[in-house]
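Below: one structure, written as C-alpha cells.
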Amino acid sequence: MRVGIAGGGIAGLTLAWLLSGSCEVLLLEERPRLGGNAESVQTTADGGTCVIDLGVRETPVETSPIWRHIAASVGIAAKDLVSTTSSRVVFHEHERSAVWVSAADPTDTERPATRGGPAYRAMVRFAEEAVRWGRQDVSWDVTLDDVLNEWRLASSWVEHLLCALPASLHGCTLEEARTLSARAVGATITPPDTIPRTTYLRSGATSLVHGLAADSRSLTLRLGTGLRAVRRVGDGFELVDGAGVAHPVDAVALALPADHALAALSGLAGTGAWQAALHTIAYRDVTYVLHRDPYGMPEDRRVWSASNTTVDGERSETTTWYGPTLGVDLFVSQAGHRVGRPREELARSSFRATLPTPAACRARQRLGQIETGQRLFFLGHCTTPVETLEAVMSSALTVAHHLTPRGARPRRLRTYLEGG
C-alpha cells in the first residue's frame, strides 16, 4: 500500500514512522523544514550551549505513554529528558501584586503562593469541575461563559483570571475565551495545591522530529512543496503538489491545518460533511520571541515561575522562563499585544493557535471518526478537542492501526500501552 501524508509536523511524521516497514509513504510538506509547531533554536547562556523551543516546549511524561514510547524508540536518551516543576503566576501589567501564584518547589518557603481567597477558591472549583466533566463525559458544548454566569463570581478580576489562562494559550482575547468549550479549557487547569511536573527535551523538540524522520523506512520526503489538491482516481487517489505534479496513492492522511485541508478537498466529491467540519475550526496567529532580558516577568523575583502570564486589558500573554529547567535566564515570550518588546531578542517565530469552541470540538470529533473501508483520514489537532502532543500522536496511531492492523510498530505500541 502507498500512503500519501500531507503535513510534516509531529502528527504526519508519527504516522510515517508507525507505517514504516508496512507501507510505502510519500510525505508532502510546504515549508522547507519538518516539525510544524516544533521549532528549536540553539543559543548560548552562561558560557554553555543550550537548545530552546519556540513552539512545542513541554510534555507531561507521566501522562504521555505514547510520546514516551516513541521518543525512546527513535533514540531520545533518558538523560535528554529534563523533568521540572511547572509553576505559574498571573499578574496585571500595571499592578505590582500578582493575581495568582501557584505552588512550586515544596522546599521554596519564600514563594508567596496563593493559599486562600476568592481566586484560590475559584481555581479549586474549576479544577474539581474539570475532573468531573471528563469523568462524566460532559458535553463539549458548555462554554466557559456558561460556567462563569452560573457561578456568579463576586469579582470581575477572578473571572479575568479564569479567562486569562486559555486566552494566552489560544492567542485570543479574554472575551473570546468565554466562548471556548469549558471542558476543553478545564483540561489545561491544574489543581492549585498540586505541583505539576513536566518534561523538556534537552536537545529540543526538533530532535524528536529528526528521530522520527530518520527512523522511517520507505519514506519519500518532498519539502518545500505542499498539497494543492486531492483527486479520486479509480480505487485510489492522486495528490497534486504545489508544483502541479500528481502523485498516485492508495490512501491519504491529512495532517494539515483545517483551512489547508479544506482547500485541498474543495474539488473532491463526497467530502461535503468533512469540509463543513473543517470550516468551523478557527485560528489565531501567535508570535514567540526568544530573549535574554526579563521582559514579561514580575518585578518580584520570588514569584518568577516557569509560566508568567501578564493580563493587560482584554489580552493576556505568557513568558516562559527557562531558569527552573536549564538553570539559565533565557525567556520565550508571546509578543504582539503587550507594551514594549524584549531588548535582547535572539530569535522569533510565528505559529497558529486553534480556538476550541464547542463547534470546533464537535467538528474535531467528527473528523477523527474512522469507518470501515475508509481511505482518506485526518489526524493531528483537527481530530482532538484538547491539543497535546500525546493526543496528536494518538490520532496517528489510530490511523496507522486502521491502515495496517498487523503492522509491527502499531502492534508493538498497542502492546506497550496495554502493559504487555
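The values are calculated or read from the model by the stated rules, or taken from the named source; none is laboratory data. The structure displayed is predicted, hence computed values, not measured ones. Every residue, glycine as well, gets a Cβ built from its backbone with ideal geometry; the counts of neighbours run over all protein chains shown.
Being touching a helix residue (DSSP H, G or I) at 6+ places or on another chain (Cβ under 8 Å), polar (S, T, N, Q), surrounded by 22 or more Cβ atoms within 10 Å (Cβ to Cβ) and over 28 Å from GLU345 (Cα atoms): is that true of THR14 here? Criteria met by THR14.
Please enumerate the residues belonging to the range 250-296 that are touching an Asp or Glu at 6+ places or on another chain (Cβ under 6 Å) and either assigned to a strand (DSSP E or B) or over 27 Å from ARG341 (Cβ atoms) (or both). Of everything in the range 250-296, those that are touching an Asp or Glu at 6+ places or on another chain (Cβ under 6 Å) and either assigned to a strand (DSSP E or B) or over 27 Å from ARG341 (Cβ atoms) (or both) turn out to be VAL289, HIS291. Checked against (1) of a type in the set (D, E, K, R); (2) surrounded by 16 or more Cβ atoms within 10 Å (Cβ to Cβ); (3) modelled with pLDDT of 90 or more, ARG121 passes all but condition (2).
Let's see how each residue does on (1) on the phi > 0 side of the Ramachandran plot; (2) in contact with a strand residue (DSSP E or B) (Cβ under 6 Å, 6 or more places away or on another chain); (3) outside the structural domain of ARG292 (by TED's automatic domain parsing):
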{"position": "LEU13", "(1), (2), (3)": "no, no, yes"}
{"position": "LEU34", "(1), (2), (3)": "no, no, yes"}
{"position": "GLY47", "(1), (2), (3)": "yes, no, yes"}
{"position": "GLU95", "(1), (2), (3)": "no, no, no"}
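In this structure, does GLY55 turn out to be at positive phi, at pLDDT 85 or above and of a type in the set (Gly, Ala, Ser)? Here the answer is no, as GLY55 does not meet what is asked.
Taking every residue in the range 33-60 that is closer than 17 Å to GLU345 by Cβ and pairing it with any residue that is at pLDDT below 90 and of a type outside the set (Phe, Trp, Tyr), at least 6 positions away or on another chain, the pairs with Cβ-Cβ distances below 6 Å are CYS50/LEU326.
Among the helices (runs of 4 or more DSSP H) confined to the range 307-420, the ones with at least 2 residues that are buried (at least 21 other Cβ atoms within 10 Å of the Cβ) and at negative phi are located at 358-368, 389-403, 408-417.
For the range 17-24, the criterion of being surrounded by 15 or more Cβ atoms within 10 Å (Cβ to Cβ), out of contact with any strand residue (DSSP E or B) (no Cβ under 9 Å at 6 or more places or on another chain) and within 27 Å of SER350 (Cα to Cα) is met by none of the residues. Check whether at least one residue in the range 213-230 is buried (at least 17 other Cβ atoms within 10 Å of the Cβ), modelled with pLDDT under 95, polar (S, T, N, Q) and assigned to a loop (DSSP other than H, G, I, E, B), and report yes or no. There is no residue in the range 213-230 that is buried (at least 17 other Cβ atoms within 10 Å of the Cβ), modelled with pLDDT under 95, polar (S, T, N, Q) and assigned to a loop (DSSP other than H, G, I, E, B). It is to be established whether one or more residues within the range 117-126 are within 17 Å of THR310 (Cα to Cα) and in contact with a strand residue (DSSP E or B) (Cβ under 6 Å, 6 or more places away or on another chain). Scanning the range 117-126 turns up at least one residue that is within 17 Å of THR310 (Cα to Cα) and in contact with a strand residue (DSSP E or B) (Cβ under 6 Å, 6 or more places away or on another chain).
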